[in-house]
Amino acid sequence: MLPEWDPPEQPTFSPEDMRRIIAAAEPPYDTVYWLVAQTGIRRGEACGLDVGHVDLTNRVIIVKRSRSGRHITDTKSRKPRIFSISPRLADRLSSFVTRRNPDEPLFLSAEGMRLHPENLVKRKLKPLLKQLGLQGGLHAFRHGNATAQDRLHTPMKVRRERLGHVSSRTTWATRTWSETTTAGWWSNSTTCF
């Protein structure tokens, strides 16, 4: 008989951690982190966004694709997902969208190339986290977003669809903050970034 497996706790950024990371990051990475914190999209999905996936008039982004290595593919769930974004984030994204071709990558590296998910984490996020004394990766923003949805009592079906999960069981396992970590924060400000 095998012992019961207790999965390790996944790194999760608190709201304050997310604010610190976004404030300390250089452009365009501050905006990438802000977008991931607010929407909970995967790192490959953030890197797979094109200019045409941002609708500033309606303040939404449409996640249709994901970048994995050199390839741009359908998202993991194979279904487009639409996310409302805050007015402040829409204002920030306007400089990434205005006067650009809809087929261009939304976020570009300093070399003018589409961001690569591995490089984004290893070369940009990890050194910043070390500087701030934090541990985790881009997925820790996603876990923070999932926990916020839980604390806001977002219906499970909505949470599952936003996170692109097929199973509610996966969605339930994604929430990881303790009750004391989130007490009062999300109820006071759901668009803090």
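If you take the residues in the range 125-170 that are charged (D, E, K, R), open to solvent by less than 80 Å² (accessible area, probe 1.4 Å) and farther than 24 Å from Lys64 by Cβ, which one is modelled with the highest pLDDT?
Quick first cut of the range 125-170, residues charged (D, E, K, R) only: 126, 130, 142, 150-151, 157, 159-162, 169.
Subsequent filtering for residues that are open to solvent by less than 80 Å² (accessible area, probe 1.4 Å) retains 142, 150-151, 159-160, 162.
Next, from what is left, pick out any that are farther than 24 Å from Lys64 by Cβ: 150-151.
On the way: Asp150: 76, Arg151: 80.
Among residues in the range 125-170 that are charged (D, E, K, R), open to solvent by less than 80 Å² (accessible area, probe 1.4 Å) and farther than 24 Å from Lys64 by Cβ, the one modelled with the highest pLDDT is Arg151.
Here are some conditions: (1) over 21 Å from Gln149 (Cα atoms); (2) touching a Gly at 6+ places or on another chain (Cβ under 6 Å); (3) modelled with pLDDT under 95. Val121 meets all but one. Which one does it not meet?
It fails just one condition, (3).
Do the conditions hold for Arg65, that is, is it without any contact (Cβ under 8 Å) to a residue 40 or more places away in the chain and touching a strand residue (DSSP E or B) at 6+ places or on another chain (Cβ under 9 Å)? Can you show your working first?
Numbers: without any contact (Cβ under 8 Å) to a residue 40 or more places away in the chain: yes; touching a strand residue (DSSP E or B) at 6+ places or on another chain (Cβ under 9 Å): yes.
The answer is yes for Arg65.
Do any helices (runs of 4 or more DSSP H) lying entirely in the range 6-119 carry at least 3 residues that are open to solvent by 40 Å² or more (accessible area, probe 1.4 Å), and which ones are they? Please lay out each step first, then the result.
On the way: elements: 15-24, 29-39, 43-47, 87-97.
Fully inside the range 6-119 and qualifying: 15-24, 87-97.
Could you count how many residues in the range 63-100 are closer than 17 Å to Arg114 by Cβ and within 15 Å of the chain's Cα centre (by Cα)? Reasoning before the result, please.
Step one: of the range 63-100, the residues closer than 17 Å to Arg114 by Cβ are 63-75, 93, 96-97, 100.
Going one step further and asking which of them are within 15 Å of the chain's Cα centre (by Cα), we end up with 63-67, 75, 93.
Number satisfying all stated conditions: 7.
Applying the selection to the range 120-135, what residues are in a loop (DSSP other than H, G, I, E, B) and touching a Lys or Arg at 6+ places or on another chain (Cβ under 9 Å)? Explain how you work it out, then say what you get.
Here is the first cut: in the range 120-135, the ones in a loop (DSSP other than H, G, I, E, B) are 133-135.
Once the filter is applied, which keeps residues that are in a loop (DSSP other than H, G, I, E, B) and touching a Lys or Arg at 6+ places or on another chain (Cβ under 9 Å), the range 120-135 yields only Leu134.
May I ask you to say which residue of Gly40, Gly69 is of a type in the set (Gly, Ala, Ser) and more than 24 Å from Leu132 (Cβ to Cβ)?
Values: Gly40 fails: more than 24 Å from Leu132 (Cβ to Cβ).
The match here is Gly69.
Pairs needed: first member in the range 16-36, free of Cβ contacts under 8 Å to residues at least 24 places away in the same chain; second member anywhere, part of a helix (DSSP H, G or I) and open to solvent by 20 Å² or more (accessible area, probe 1.4 Å); C-beta distance under 7 Å; at least 6 residues apart or different chains.
Sorted first by the residue in the range 16-36, then by its partner, the pairs are Asp30/Ile22.
Would the range 18-33 turn up any residue that is under 8 Å from the mean Cα position of the chain (by Cα) and either modelled with pLDDT of 90 or more or at negative phi (or both)?
Keep residues of the range 18-33 that are under 8 Å from the mean Cα position of the chain (by Cα), which gives 32-33.
Imposing the further condition that a residue be either modelled with pLDDT of 90 or more or at negative phi (or both) reduces the set to 32-33.
Within the range 18-33, one or more residues are under 8 Å from the mean Cα position of the chain (by Cα) and either modelled with pLDDT of 90 or more or at negative phi (or both).
The values are calculated or read from the model by the stated rules, or taken from the named source; none is laboratory data. This is a predicted model, so every value here is computed, not measured. With ideal geometry, Cβ positions are generated from the backbone for all residues, glycine too; neighbour counts draw on all protein chains shown. Just so you know, the surface numbers come from the protein's heavy atoms only, side chains and all, with ligands and any DNA or RNA stripped out. Shrake-Rupley method; radii C 1.70, N 1.55, O 1.52, S 1.80 Å.
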